[in-house]
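In what follows, a single structure is set out as structure tokens and then discussed.
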Amino acid sequence: MIKNKVLSALVAAGMLTSLSLAEAATTVTIGTVNNGDMIRMQSLTNEFEKAHPDIKLDWVVLEENVLRQRLTTDIATKGGQFDVMTIGMYEAPIWGKKGWLTAMEQLPADYDINDVFPAVRDGLSADGTLYALPFYAESSMTYYRKDLFAENGLSMPGQPTWDQIKGFAQKLHKPEQGQYGICLRGKAGWGENMAFLTTMSNTFGARWFDEKWQPEFTGEAWTNTVNFYVDLLGNYGPPGASSNGFNENLALFNSGKCGMWMDATVAGSFVTDSKQSKVADKVGFALAPSQVTTKGAGWLWSWALAIPETSDAKSAAKTFVTWATSKEYSGLVAKTSGIANIPPGTRKSTYANHKYMEAAPFAEKTLEAMSSADPENSTLKPKPYVGVQFAAIPEFQAIATQVGKLISGALAGSMSVDKALASAQKVTTREMKRARYYK
Amino acid sequence: MINSNILSLKNSRRLNTLIIGVFAWTVALLIFFPILWMILTSFKTEIDAFATPPQLFFTPTLENYALINERSDYFHFAWNSVVVSFGSTIIGMLIAVPAAYSMAFFETRRTKSTLLWMLSTKMLPPVGVLVPIYLLFKDFGLLDTRTGLTVIYTLINLPIMVWMAYTYFKEIPKEVLEAARMDGATVAQEIYRVLLPMSKGGLASTVLLSLILSWNEAFWSLNLTASAAAPLTALIASYSSPEGLFWAKLSAVSTLACAPILIFGWISQKQLVRGLSFGAVK
């Protein structure tokens, strides 16, 4: 009887202890997207919790647009549901300026913030204050099929021009064999066709706004860009190109149907992975094409981790964010998933590592593309906005989505290029007036 | 002569049955095709899932299911779906039955307009009330809770539940209830012993419809939950990727999310059909 009582007391004491321990752990809720690198980070939760037993990680994985909507609602209403948010280079400076994000100051000495590429750091800052730490970053580049180029006696320069690309596409386009000269983004969206088209237009000498925030869609540079794009993709691209985004083109390229593809550098690891690509050993890399200028040819984007001001676990969240974006984390990924899977594009030390450069055939061009991307100076003529493939102003997302739909419509043949551009000019001017940039 | 006439009549009836049968199967297959394609895609690799032309014959793989099992706690999400769907349906029925009873048997001149007003709330785009509801949920501590989701699902489905129950109750002659009253039945007994047994089929279909609508609801579940109360619809959304192939994995997780409600619908199809056609023929 006494034995039983002692046993019960011990069990109760044990339960109380474990309860109080569980209560002591701070829960950090992380909102993120379902990208390969993010999922890898999620799978390393145990490693983090082992090293920091006082912090428990809770993951909320959402579709990109849903995540954006959730985060915006939560921040705007001070809901405080998230302690860490996965945001992009577009949101970080805007939200930071509004005072929604915690400044990333007083980082641990071993974090080595100077190791992070300056362009990435600047892209995540507003007025000199860093508001998010980059988890991975990307530029854009040209992927091409080395075997098809050799068969057709073609040679890809280090940075081709769009005219050269058109010539290659003409020769490689054999739709009867299920092979298309070129695959490009056609799906409407500010982060889909407009991200690509903005970089293309940069090289044609165009810009979104002049120094007085007036849009320039009806100008010569934009007209040349969109006519060239519609002609190139319409004649030498796959059928239904107006509904192809990153993923659709990735699938087409991986199944051997595209001669060339211009898109994010992050695709380098996908197209060279034999588990998901039929052409893994046949892919060559070049910089994104130029035309009248090389400025703004390759974009600059980063998925970064930020801490909202509404978080009630800021200190624990900062511990996690600095861990997930550190050199230590890169080492852990190299150990557990292979060195080629280190989150790319953020740290100079990654590209100084010979083992990484050998394991990742796309790394050299990624580094070159990242180094030449400059969000402050990405157009031939001066511009009033920051960003290579976007303008970092709150109105851009809505405007570019509408413009993207118009250009996608022109590509699908539902309206002429001139009409699409005239409508784009009208829509953009109206929205900018509404936002009181001018009367 | 008479025999041959009977024979030709029989033949034409058989032909009619055959034509109707073929037509019904074609329509059924067309409606079921997206679900079938989703199930097939869930057994493909990511490259096969994106193949052009689409592949009907392929080497099946269970890798997508294995990955989901490894990455997500399916039963946590499924349990949340069960709790909020059944919870909101039970609460909804507790409110809808008395409301429909009073509207059907004690009709006033405002009853019809009240019913229409209730239904009109379904026409409001949910995003229009997202911010006020989010703020209310925040203030009451209901964000990311099953209680909060149950409340919102109850409110969403209540107009349809009241309408359906009202329609079924209207089919029942008032005299039957009056007879019960004459025998000394209280209001509760009247509803419980007379009304409910008589409209069993109709109410069963109301319950089923509410369950299906709650199970499939995605807008509020994605916006009001994070991790603790997230149902299966949130799990599906988490498998869509902006950079990387995901169709096969998304199909596998969608199949897992649809499976319980499909099985439930299959088992209860008789009640569902009987309820939906209740009162269709007088």
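The numbers here are math on the coordinates, done by the rules we state, and not lab data. Owing to the predicted nature of the structure, the values given are computational and were not obtained by experimental measurement. Cβ coordinates were reconstructed from backbone atoms using ideal geometry, including for glycine residues, and neighbour counts include every protein chain displayed.
Miscellaneous remarks
- Largest-first ellipsoid semi-axes for the stretch A:316-439, taking √(5λ) over the Cα gyration tensor eigenvalues, angstrom: 40, 19, 15
- Those lysines that a straight Cα-Cα span of less than 26 Å connects to A:Lys171, excepting residues fewer than 8 apart in one chain: A:Lys146, A:Lys187, A:Lys257, A:Lys278, A:Lys282, A:Lys365
- Residues A:Ile182, B:Ile35, B:Ile261, B:Ile236, arranged from fewest to most other Cβ atoms within 10 angstrom of their Cβ, appear as B:Ile35, B:Ile261, B:Ile236, A:Ile182.
- Helix A:327-337 vs. chain A, principal-axis angle (Cα, 0 to 90°, nearest 10): 80
- The order of B:Ser214, B:Ser241, going from fewest to most other C-beta atoms within 10 Å of their C-beta, is B:Ser241, B:Ser214.
- Estimated D of chain B in µm² per second, where Rh is the Kirkwood radius over Cα pairs and Stokes-Einstein applies at 25 °C, 0.890 mPa s: 110
- The stretch A:227-300: trypsin sites (Lys or Arg not before Pro) in DSSP coil with no more than 15 other Cβ atoms inside 10 Å: A:Lys275, A:Lys278
- Once the chymotrypsin sites (Phe, Trp or Tyr not before Pro) in DSSP loops with at most 10 neighbouring Cβ atoms within 10 Å are cut out of chain B, the longest remaining piece is B:107-282.
- Degrees, to the nearest 10: A:314-324 long Cα axis against longest axis of chain A: 60
- When the GluC sites (Glu not before Pro) in the stretch A:146-225 are filtered for DSSP coil states and for at most 12 other beta-carbon atoms within 10 Å of their beta-carbon, the remaining sites are A:Glu211.
- Coil-residue trypsin sites (Lys or Arg not before Pro) of the stretch B:110-151, DSSP, other Cβ within 10 Å capped at 16: B:Arg110
- Normalising the average separation of contacting C-alpha pairs (under 8 angstrom, six or more residues apart) by the number of residues puts the relative contact order of chain B at 29 percent.
- Calculated FRET efficiency for the pair A:Glu211/B:Ala28, C-beta based, R₀ 51 Å, to 0.05: 0.20
- Seen against the Cα atoms of chain A and their longest principal axis, helix A:64-76 is set at about 60 degrees.
- Value of Rg/Rh across the stretch A:46-141 [Cα atoms, Kirkwood radius]: 0.97
- Residue mean of other protein chain beta carbons inside 10 Å, A:56-67: 5
- Counting charges near A:Lys187 (Lys, Arg +1; Asp, Glu -1) among other residues having Cβ under 14 Å from its Cβ returns a value of -3.
- Principal axis extents of the Cα atoms in chain A, from largest to smallest and rounded to whole angstrom, are 90, 57, 39.
- Taking every residue in B:230-243 and counting other chain Cβ atoms within 10 Å of its Cβ, the average works out to 6.
- Helices assigned as whole DSSP H runs in chain B whose Cα atoms extend at least 18 Å along their own long axis and whose mean Kyte-Doolittle hydropathy is -1.0 or higher are found at B:2-42, B:74-105, B:146-170, B:200-216, B:247-267.
- By the Cβ-Cβ criterion of under 4.7 Å, the unpaired cysteines of the protein assembly as shown are B:Cys258.
- Listed from fewest to most Cβ neighbours within 10 Å, the set A:Ser302, B:Ser268 follows the order B:Ser268, A:Ser302.
- Relative contact order for chain A, counting Cα pairs under 8 Å that sit 6 or more residues apart, in percent: 24
- Separation between Cα centres of the stretch A:149-216 and the stretch B:47-80, rounded to whole Å: 34
- Distance histogram in 5 Å bins (all Cα pairs of the stretch A:255-305, percent per bin): 4, 16, 25, 20, 14, 14, 6, 1
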